[in-house]
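The block underneath contains the structure these notes are about, expressed in structure tokens.
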Amino acid sequence: MFELISKVHDETRQGEAIAPLVEDMATYYRRFYIESYGCQMNFSDSEIVASILNKEGFGATRDVEEADLIFLNTCSIREKAEQTVRKRLTEFRKLKKLRPGLLIGVLGCMAERLKAKFLEEEKLVDIVVGPDAYRALPKLIVEVDGGQKGINVLLSREETYADISPVRLNSNGITAFVSIMRGCNNMCSFCVVPFTRGRERSRDAESIINECKDLFEAGYKEVTLLGQNVDSYYGLPLAPSNRGGTANTQNQLKQETFNNNKDAQTSQSLSAGEASPIGGGLEGAVTFAMLLEMVALISPELRVRFSTSHPKDITDEVLHTMAKYDNICNYIHLPLQSGSTRVLQLMNRSYTREWYMAKVDRIKEIIPDCGISSDVIAGFCTETEEDHQDTMKMMEYAQYDMSYMFFYSERPGTLAERRYKDDVSLEVKKRRLQEIVEVQNKLSLKSNQNDLGKEFKVLIEATSKRSDFDWMGRNSQNKVIVFPKGIQNHKPGDYVQVKVKDCTQATLLGEIV
Ligand code: SAM
Ligand code: SF4
């Protein structure tokens, strides 16, 4: 029987505990344990939380048994994600009964969605903190110690945590995620993110460049610029006098004004196919294409990736910038969601089927060897068999290398929940998802087979999980390549030329040339 995959962003990392290396635990007076769920943004946020707590004298541990504080950084995107967190909380509650001094905190999107209800419903949760209130965490812990309940779920129009350098110690030391913006203004009707993460705001360009430079100097070779909708990035320019310095308060204040101005400009939803009204921009603003270029110019040895692109916002300017620099990877995550114009309209995605096809054509025209991946939702409200067929045809048209595929999960408070009936049965949703997964599996295999005999520049990330004798790395198109270490003294962070000799649906297998 075919296995049904409903992937969340990086399934293998769900529930991962992050812990920065602590040289001497005696320097910390309490230990915290933090587990992360959901998208890459949440994993990135956990690194910010760890950094805030570290500064206040809390040391991280990966052993829940020795923790004084347990945090769950949560995701609300689908019901299943919330169920997973609730299950985990039940386990932690047992631990708390045995150790009454233990504090349990819920962070992130679920905290934001359920607010105080969380404290009432999940009696043994002590702290509830939304994605924009992590700076308040140390103070809330003190309040909880004093017998109060700790809650802060205020959303902000300004917070970007620009000045906090995240701890990175669970990473491979080669690839890192850099958050460039927070929140989302798009209001896709199925999506809870605008409600849990608030309005879109961009981090100032200077702090982003500085973080990327620091990473490169620390030996990192790849940065992924992260946001719910990176192409609508809109930041302050780098002031010549500030080059090389750190972001200052004045910069941050200016950035707030920028964000608010941009908010005002983009508050009207775009109609399908319309160009972005901010294309020309407010004077002096840094667009995403400009930011990409600035990061690419740090060093040709530093690879640049980004995620996620909303199809309506990715411009020719971005595509030409990608084509211009070898170190900007030829890979775009371009979520389709549905291949039916009628469903796309109900989803409030701001593009039509034809518009999306034209965007795929344009990408392939400007960057012929560009890898493209997608997110697809099966069984959205009113979806017919014909709509479903349109989605699968569109997948074939775009020839995705990879997709994250989900069946629709109604989320409380979203536009879809308020406006439309969740009228496709679970059985049908699952069957359609299975068909979508089958199409993607076929496309992934075909895409990998097309690479047989080709040579790629590969960044070595780590020893392969399957064999100590093999390296694992990625090519520009984000495909995983496994190849024998051989007799050369390569190490993670090195670039090597690899010729593809064989493949599976998920992996290319090659040899160093
Ligand atoms: N901002 C990104 C974008 O627009 O592409 C992605 C945001 S979301 C964290 C990742 C994916 O989750 C979405 O692209 C969508 O496919 C899926 N998703 C969001 N809400 C969903 C829902 N209610 N049911 C099923 N899948 C959902
Ligand atoms: Fe959700 Fe749409 Fe924003 Fe992505 S662009 S986070 S799917 S509202």
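Can residue 437 be described as surrounded by 15 or more Cβ atoms within 10 Å (Cβ to Cβ), out of contact with any Gly (no Cβ under 9 Å at 6 or more places or on another chain) and under 28 Å from residue 344 (Cβ atoms)? Yes; evaluated as a whole, the condition is true for this residue. Of the listed requirements (1) in contact (Cβ under 8 Å) with a residue 40 or more places away in the chain; (2) buried (at least 19 other Cβ atoms within 10 Å of the Cβ); (3) farther than 25 Å from residue 198 by Cα, residue 132 misses just one: (3). If the condition is being surrounded by 17 or more Cβ atoms within 10 Å (Cβ to Cβ) and away from ligand 2 (no atom under 16 Å from the Cβ), then segment 295-314 contributes 295, 296, 298, 302, 303, 304, 305. In a residue-by-residue description of segment 173-181, the property of being within 15 Å of ligand 1 (Cβ to nearest atom), of a type outside the set (A, V, I, L, M, F, W, C) and at pLDDT 90 or above applies to at least one position. Taken together, the criteria exclude residue 433 from residues that are out of contact with any helix residue (DSSP H, G or I) (no Cβ under 9 Å at 6 or more places or on another chain) and within 16 Å of ligand 2 (Cβ to nearest atom).
Of all the residues in segment 469-509, those that are part of a loop (DSSP other than H, G, I, E, B), closer than 26 Å to residue 367 by Cβ and open to solvent by 60 Å² or more (accessible area, probe 1.4 Å) number 3. Can you pull out every residue in segment 28-60 that is open to solvent by less than 10 Å² (accessible area, probe 1.4 Å) and in a loop (DSSP other than H, G, I, E, B)? Scanning segment 28-60 gives a single hit, 38. Residue 374: farther than 20 Å from residue 186 by Cα, open to solvent by less than 10 Å² (accessible area, probe 1.4 Å), small (Gly, Ala, Ser) and outside any helix (DSSP H, G or I), yes or no? It is false that residue 374 is farther than 20 Å from residue 186 by Cα, open to solvent by less than 10 Å² (accessible area, probe 1.4 Å), small (Gly, Ala, Ser) and outside any helix (DSSP H, G or I). If you go through segment 284-307 and keep only what is of a type outside the set (A, V, I, L, M) and part of a helix (DSSP H, G or I), you end up with 288, 293.
Can you pull out the residues in segment 167-195 that are under 24 Å from residue 351 (Cβ atoms) and polar (S, T, N, Q)?
First, pick out the residues of segment 167-195 that are under 24 Å from residue 351 (Cβ atoms): 180-195.
Correct list: 185, 186, 189.
With the requirement that a residue be assigned to a loop (DSSP other than H, G, I, E, B), in contact (Cβ under 8 Å) with a residue 40 or more places away in the chain and open to solvent by 10 Å² or more (accessible area, probe 1.4 Å), what does segment 327-348 give you? Result: 330, 348.
Might you check whether a residue that is closer than 30 Å to residue 406 by Cα, among the β-branched types (Val, Ile, Thr), open to solvent by less than 40 Å² (accessible area, probe 1.4 Å) and not in a helix (DSSP H, G or I) occurs anywhere in segment 61-82? Yes: one or more hits.
Of the numbered criteria (1) in contact with a strand residue (DSSP E or B) (Cβ under 7 Å, 6 or more places away or on another chain); (2) open to solvent by less than 60 Å² (accessible area, probe 1.4 Å); (3) modelled with pLDDT of 90 or more, the one residue 16 fails is (3). Report, by residue number, each residue of segment 393-434 that is open to solvent by less than 30 Å² (accessible area, probe 1.4 Å) and hydroxyl-bearing (Ser, Thr, Tyr). Selection gives 400, 403, 408, 409, 414.
Of the residues in segment 355-371, at least one is crowded, with 20+ Cβ neighbours inside 10 Å and within 16 Å of ligand 2 (Cβ to nearest atom). Could you please let me know if residue 352 is within 21 Å of residue 437 (Cβ to Cβ), surrounded by fewer than 19 Cβ atoms within 10 Å (Cβ to Cβ), more than 23 Å from the chain's Cα centre (by Cα) and modelled with pLDDT of 95 or more? Taking the combined requirement at face value, the residue does not satisfy it. None of 159, 143, 200, 121 is of a type in the set (Asp, Glu), more than 16 Å from ligand 1 (Cβ to nearest atom) and in contact with an Asp or Glu (Cβ under 8 Å, 6 or more places away or on another chain) except 159. Please work out if residue 149 is open to solvent by 30 Å² or more (accessible area, probe 1.4 Å), in contact (Cβ under 8 Å) with a residue 24 or more places away in the chain, more than 16 Å from ligand 2 (Cβ to nearest atom) and farther than 25 Å from residue 292 by Cα. Judged against the criteria, residue 149 is a match. Cβ-Cβ distances below 8 Å connect the following pairs, each with a first residue in segment 398-414 that is among the basic types (Lys, Arg), a second residue that is near ligand 1 (Cβ under 8 Å from one of its atoms), and a separation of six or more residues or different chains: 411/77; 411/78; 411/190; 411/191; 411/192. Select from segment 382-422 the residues that are basic (Lys, Arg) and either within 15 Å of ligand 1 (Cβ to nearest atom) or in contact with a helix residue (DSSP H, G or I) (Cβ under 8 Å, 6 or more places away or on another chain) (or both) and list them in ascending order. Once the filter is applied, which keeps residues that are basic (Lys, Arg) and either within 15 Å of ligand 1 (Cβ to nearest atom) or in contact with a helix residue (DSSP H, G or I) (Cβ under 8 Å, 6 or more places away or on another chain) (or both), segment 382-422 yields 411, 418, 419, 421.
Restricting to segment 158-188, name every residue that is within 16 Å of ligand 2 (Cβ to nearest atom) and of a type outside the set (Ser, Thr, Tyr). Matches in segment 158-188: 180, 181, 182, 183, 184, 185, 186, 187, 188. Selection of helices (runs of 4 or more DSSP H) fully inside segment 384-468 by the criterion of at least 2 residues being of a type outside the set (Phe, Trp, Tyr) and within 30 Å of residue 221 (Cβ to Cβ) returns 426-450.
Of the residues making up segment 402-427, just one is closer than 17 Å to residue 339 by Cβ and over 21 Å from the mean Cα position of the chain (by Cα), namely 424.
The values are calculated or read from the model by the stated rules, or taken from the named source; none is laboratory data. Since the structure is predicted, the reported quantities are computational estimates derived from the model, not experimental observations. Here Cβ is always computed from backbone atoms with ideal geometry, including for glycine, and neighbour counts include all displayed protein chains. The accessibility values were calculated without ligands, DNA or RNA, using every heavy atom of the protein model including side chains. Shrake-Rupley method; radii C 1.70, N 1.55, O 1.52, S 1.80 Å.
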